[in-house]
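The structure under discussion appears below in the form of structure tokens.
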Amino acid sequence: MAAACWLLAGEAAATPRHGWRLNAECQRRLALQYGEHALSIGAHLHADGSWSLSLPDGAVGQARAQRNGSQLSIQLDARRLHADCLQHGDALQVYLPSGLTAFTLPDPYAAEADIQHGDTHLKAPMPGRVVALLAPLGEAVEKGAPLMILEAMKMEHTLVAPGPGHVAAYYFAVGEQVSEGSDLLDFVLP
């Protein structure tokens, strides 16, 4: 729960109208990776600035959190907690009196496993237009390297390498329209 509070408090500090919605309440899901376990935490913003958090195990709590540098203060139901948090890139470490817990923050724009066909073809997650081909054919790239940019619904989506390897072929040129599920490129893993 402290990791979710860290993320929500950071968003609140960075955005003046954090959680504001026209004629609706702010509800969202936070994605965290804890070792091999993918966690999804539900968050519901209340008018007083507190959040109701629902954890994967079914536990629900009302929290109010504030960040000051790496310090996190949490008012959780009737308890007050303090934690030290360090976030670097997609790594988040939460130090509580009970010990250290390390999380990974998944990239929501990375190609997901169900978008890939095996390990060699990346498919279009939705209909759109090819904006850029970023990786030269045959050039070695690392896992997570950007390969192609697809514009869909007035947003750009970057498809990334599923592992170390290289692009063997692009199936569409810049400016061409693609339909959902189309093979976009052939990626070769070592």
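The values are calculated or read from the model by the stated rules, or taken from the named source; none is laboratory data. No experiment lies behind these values; they were computed from the predicted model shown. Counting neighbours? That spans all protein chains shown, and the Cβs are built from the backbone with ideal geometry, glycine included.
Close Cβ contacts (under 8 Å, 6 or more residues apart or on different chains) running from residues in the range 46-74 that are assigned by TED's automatic domain parsing to the domain that holds CYS26 and on the phi > 0 side of the Ramachandran plot to residues that are assigned to a strand (DSSP E or B) and surrounded by 13 or more Cβ atoms within 10 Å (Cβ to Cβ) comprise GLY49/ARG64.
Take the conditions (1) more than 12 Å from ALA4 (Cα to Cα); (2) without any contact (Cβ under 8 Å) to a residue 12 or more places away in the chain; (3) not charged (D, E, K, R); GLN27 misses just one of them, which is (2). With respect to the conditions (1) among the small types (Gly, Ala, Ser); (2) surrounded by 14 or more Cβ atoms within 10 Å (Cβ to Cβ); (3) within 18 Å of LEU32 (Cα to Cα), SER73 falls short on a single one, namely (3).
Condition check ((1) outside any strand (DSSP E or B); (2) farther than 13 Å from ALA132 by Cα; (3) modelled with pLDDT of 85 or more) across all residues:
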| residue | (1), (2), (3) |
| --- | --- |
| LEU150 | no, no, yes |
| THR158 | no, no, yes |
| PRO162 | yes, yes, yes |
| VAL167 | no, yes, yes |
| GLY181 | yes, yes, no |
| LEU184 | no, no, yes |
| PHE187 | no, yes, yes |
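Please work out which residue is nearest to the chain's Cα centre (by Cα), limiting yourself to the range 169-179 and to residues that are part of a strand (DSSP E or B) and buried (at least 16 other Cβ atoms within 10 Å of the Cβ).
That would be VAL178.
Within the range 22-33, does at least one residue satisfy the condition of being in contact with a helix residue (DSSP H, G or I) (Cβ under 7 Å, 6 or more places away or on another chain) and modelled with pLDDT under 70? Within the range 22-33, none of the residues are in contact with a helix residue (DSSP H, G or I) (Cβ under 7 Å, 6 or more places away or on another chain) and modelled with pLDDT under 70. Would you point out the residue of the range 140-164, among those that are within 23 Å of the chain's Cα centre (by Cα) and farther than 15 Å from PRO125 by Cα, that is surrounded by the fewest Cβ atoms within 10 Å (Cβ to Cβ)? Per the stated criteria, the residue is GLU142.
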